[in-house]
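The values are calculated or read from the model by the stated rules, or taken from the named source; none is laboratory data. No experiment lies behind these values; they were computed from the predicted model shown. As a convention, Cβ positions derive from the backbone with ideal geometry for all residues, glycine included, and neighbour counts pool all protein chains shown.
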Amino acid sequence: MKPYVICHMVTSVDGRIWGSRWRPKANVVPGLFERLHDQLGGGSWLCGRVTAQEFAKGTTPQYPASDQVFAREHWFAQRGAKAWGIFLDAKGKAVWARADIGGDPILVILTEAVPDRHLAGLRADGVSYIFAGATEIDLAAALETLNRELGIERLLLEGGGGANGALLRAGLIDELSLVISPAIDGSSGAPTVFNSGGVDLGPAPIERMTLASHEVLDGGAIWLRYRLSSAAL
């Protein structure tokens with residue numbers, strides 16, 4: 001059984017997700033994403049590799065060498081957290097130098113291809129990890145592990161566009177929480193809500209989108225919530 005997945009994003013009118021590029025700046029509401037995250041009920045949240053490296057505090061490109069050898073088994077620094085900060089990091093690129101984000105303990109989803117030095121570094125930092133695949137992350141298996149091992153029944157998927165796109169393609173998103181801000185990026189340089197790495201993969205496997213709620217927020221932003229049904233893959 002997998003958690004119920006809500007993709008929660010704030011975007012410009014033209015679908016871009018780097019708020020620092022949006023204009024006019026006066027229409028960008030500080031803290032809006034986080035406020036609505038809490039309004040959705042908070043809880044555990046999932047981001048991709050690029051976002052992982054933005055949160056990581058390590059100053060070296062990789063963890064130091066280690067002569068330790070580890071079985072490719074799930075490892076948890078703790079289990080009783082109310083909310084987890086979860087990151088996709090297939091090859092083990094993020095050097096964390098921290099154990100939590102805003103009090104939420106960090107957990108990374110890895111493949112068996114990560115080197116032992118990375119596992120040693122994660123353990124030293126107190127960062128939990130699970131495995132989901134040999135060289136590529138099996139997203140469905142990862143979500144089932146989070147539910148089975150940690151009891152996570154609901155998960156907020158919060159970018160970037162690559163992670164969102166991967167879960168969309170896998171048919172794992174149950175709901176979309178999309179806030180359209182009254183601002184424009186105006187260029188092709190920033191990622192979109194759902195990315196496929198610049199490769200045309202054809203239409204998304206979505207069978208149905210049903211509007212669950214809509215709300216006009218202060219400043220003219222519009223909050224849309226859709227329930228998604230994915231076509232059989």
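Summary table
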{"quantity": "Hits in the range 117-144 (condition: touching a Leu at 6+ places or on another chain (Cβ under 6 Å) and among the hydroxyl-bearing types (Ser, Thr, Tyr))", "calculated": "SER128, TYR129"}
{"quantity": "Hits in the range 1-13 (condition: farther than 19 Å from VAL216 by Cβ and either among the polar types (S, T, N, Q) or modelled with pLDDT of 95 or more (or both))", "calculated": "LYS2, PRO3, TYR4, VAL5, ILE6, CYS7"}
{"quantity": "Failed item, numbered, when ASP185 is tested on (1) in contact with a strand residue (DSSP E or B) (Cβ under 8 Å, 6 or more places away or on another chain); (2) of a type outside the set (Phe, Trp, Tyr); (3) in the same structural domain as LYS91 (by TED's automatic domain parsing)", "calculated": "(3)"}
{"quantity": "Residue in the range 86-98 that is closer than 22 Å to PRO191 by Cα, touching a Phe, Trp or Tyr at 6+ places or on another chain (Cβ under 8 Å) and not in a loop (DSSP other than H, G, I, E, B) present", "calculated": "yes"}
{"quantity": "Residue satisfying all of: in the range 127-157; buried (at least 22 other Cβ atoms within 10 Å of the Cβ) and in contact (Cβ under 8 Å) with a residue 60 or more places away in the chain; farthest from GLN53 (Cα to Cα) among these", "calculated": "ILE152"}
{"quantity": "Identity of the residue in the range 1-49, of a type in the set (A, V, I, L, M) and either over 23 Å from SER229 (Cβ atoms) or free of Cβ contacts under 8 Å to residues at least 24 places away in the same chain (or both), that ends up surrounded by the most Cβ atoms within 10 Å (Cβ to Cβ)", "calculated": "VAL10"}
